[in-house]
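In what follows, a single structure is set out as structure tokens and then discussed.
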Amino acid sequence: MQIETRLSDQLACYLDLASDEAKLSAANMANIDTPGYKAMGMNFAAEMRQAISDVNRGLPSQPVRVTEVGGLIARPDGNDVSMDREGLDMAEAQLKFKTGVALLKLQYQQVMDAIHADGK
């Protein structure tokens, strides 16, 4: 049996975006020594708004829009990745993911409670 609600679909999008954000930070970290590499990022809030809109309209999820992160200081080799910045971004993405998992568990527990309410 598959149980889905609009909120669970929205939370799934949230988890996907948090995962994408962590992957971007990991890719940036992996390219710290690549000359000329520019740090890539995404606008999490804008992507979440778009994902919720798509879920509400029953549309499939769209690919995440990834852009160069502006305003970073480049080293002489042209690379602008900062391990400190990426570490903070990774930690934030992990917190978002953990929060999403907790909310999704709560949502499923509420659904299960509603299903079993007649038996109480």
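FYI, it's all coordinate maths here, none of it is from the lab. Being a predicted model, the structure only gives us computed values, none of them experimental. Using ideal geometry, Cβ is built from the backbone for each residue, glycine included, and neighbour counts are taken over all protein chains shown.
Is the stretch 57-118 best put as rounded, prolate or oblate by its Cα gyration tensor, with a ≥ b ≥ c the root eigenvalues, rounded for a/c under 1.5, and otherwise prolate when a/b is larger than b/c, oblate when not? It comes out oblate by the Cα gyration axes.
Checking every one of the GluC sites (Glu not before Pro) in the stretch 1-69 against DSSP loop status and a limit of 15 other Cβ atoms within 10 Å picks out GLU4. From helices alone, the chain scores -21000 deg cm²/dmol at 222 nm; the rule is -39500 (n - 2.57) for each run of n ≥ 4 DSSP H residues, then divide by the residue total. Assuming charge only on the beta carbon of Lys and Arg (+1) and of Asp and Glu (-1), the dipole of the chain about its Cα centre is about 260 debye to the nearest 20.
In this structure, MET40 and VAL111 have a Cβ-Cβ separation that, at R0 = 22 Å, corresponds to a calculated FRET efficiency of about 0.05. Taking θ as phi - 60° and the Karplus parameters 6.51, -1.76 and 1.60, the scalar couplings of the stretch 31-44 work out to 9, 4, 9, 7, x, x, 5, 10, 4, 10, x, 9, 8, 4 Hz in sequence order, x denoting glycine and proline. Taking the fewest neighbouring Cβ atoms within 10 Å as the starting point, the ordered list for THR34, THR67 is THR67, THR34.
Shown for the chain: lysine pairs separated by 8 or more places, or found on different chains, whose C-alpha atoms are under 22 Å apart, numbering 5. Applying the Karplus relation 6.51 cos²θ - 1.76 cosθ + 1.60 with θ = phi - 60° to the stretch 98-107 yields 3J(HN,Hα) values of 4, 5, x, 5, 4, 5, 5, 4, 4, 4 Hz, where x marks Gly and Pro. Taking the centroid of alpha carbons for each part, the stretch 87-120 and the stretch 1-54 are 18 Å apart.
Please name which of GLN110, GLY71, THR99 has its Cα lying farthest along the dipole of the stretch 58-120 towards the positive end, using unit charges on Cβ (Lys, Arg +1; Asp, Glu -1) and the Cα centre as origin. Working it through, the farthest residue towards the positive pole turns out to be GLN110. Cβ crowding within 10 Å ranks ASP84, ASP54 as ASP84, ASP54, fewest other Cβ atoms first.
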